[in-house]
Amino acid sequence: MNINDKLIKNHYQPEPASAHIIVCDIAQQAALEVLLNACPAGLYRKNAQGEISFDAHGCLECGTCRILCDDETFSRWRYPAAGFGVTFRFG
């Protein structure tokens, strides 16, 4: 069983208003490069133009990105409201 097989078992309920993590428009590329490999859910991705994007859907709420980056990387980082976010399912 690989990591994708394990992650697919989780359930993620997004918040309807907005994402709980928002990357700044002026975030340093070097900080985002670290997150490409550090995010256990693989939510940071690089496109063909070299731009790094982030999708909060599927976030494991582990805090890895918050620990590795400074305050200028994110315009918002908080845990989702009650009833939203990840629900871990094992099996």
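The values are calculated or read from the model by the stated rules, or taken from the named source; none is laboratory data. Please read these numbers as outputs of a predicted model, since none were measured by experiment. Cβ: placed from backbone, ideal geometry, glycine included. Neighbour counts: every protein chain shown. In case anyone asks, the SASA skips ligands and DNA or RNA and just uses the protein heavy atoms, side chains included. Shrake-Rupley method; radii C 1.70, N 1.55, O 1.52, S 1.80 Å.
To the nearest 10, the accessible area of Leu7 is 50 Å² with a 1.4 Å probe. Once the Cα-Cα distance is subtracted from the 0.36 nm per residue extended length, the Ala81 to Ala19 segment shows a gain of 21.3 nm. Our coupling estimate for the range 49-55, obtained by passing each phi through the Karplus curve with A = 6.51, B = -1.76, C = 1.60 and θ = phi - 60°, is 7, x, 7, 9, 10, 9, 10 Hz, Gly and Pro reported as x. Close amide H contacts of Phe74 (hydrogens built in the peptide plane, cut-off under 5 Å, sequence separation of 5 or more or a different chain): Cys24. What the phi angles of the range 64-76 give under the Karplus curve with 6.51, -1.76 and 1.60, with θ = phi - 60°, is a coupling list of 4, 5, 5, 6, 7, 10, 8, 5, 7, 6, 10, 7, 8 Hz, glycine and proline written as x. In this simple spin-label model, placing a label point 7 Å from the Cα along the Cα-to-Cβ direction at both Arg89 and Asn10 gives a separation of 1.4 nm. Accessible area per residue (1.4 Å probe, heavy atoms of protein chains only) ranks Tyr44, Tyr12, Tyr79 as Tyr79, Tyr12, Tyr44, with the largest value leading. Distance between the pseudo-spin-label points of Asp70 and Lys46 (7 Å out from Cα toward the beta carbon): 2.2 nm. Give the shape of the chain as rounded, prolate or oblate, defined through the alpha-carbon gyration tensor: a ≥ b ≥ c are the square roots of its eigenvalues, a/c under 1.5 means rounded, and otherwise the shape is prolate if a/b is larger than b/c and oblate if not. In terms of gyration-tensor shape, oblate. Amide H contacts of Gly85: Gln13, Glu15, each under 5 Å away and 5 or more positions distant or on a separate chain (H built 1.01 Å from N in the peptide plane; Pro and chain starts excluded).
At full extension, Cys62 and Ala30 could sit 9.4 nm farther apart than now, given 0.36 nm per residue minus the alpha carbon distance. Measuring with a 1.4 angstrom probe and ignoring ligands and nucleic acids, Ile22 comes out at about 60 Å² accessible.
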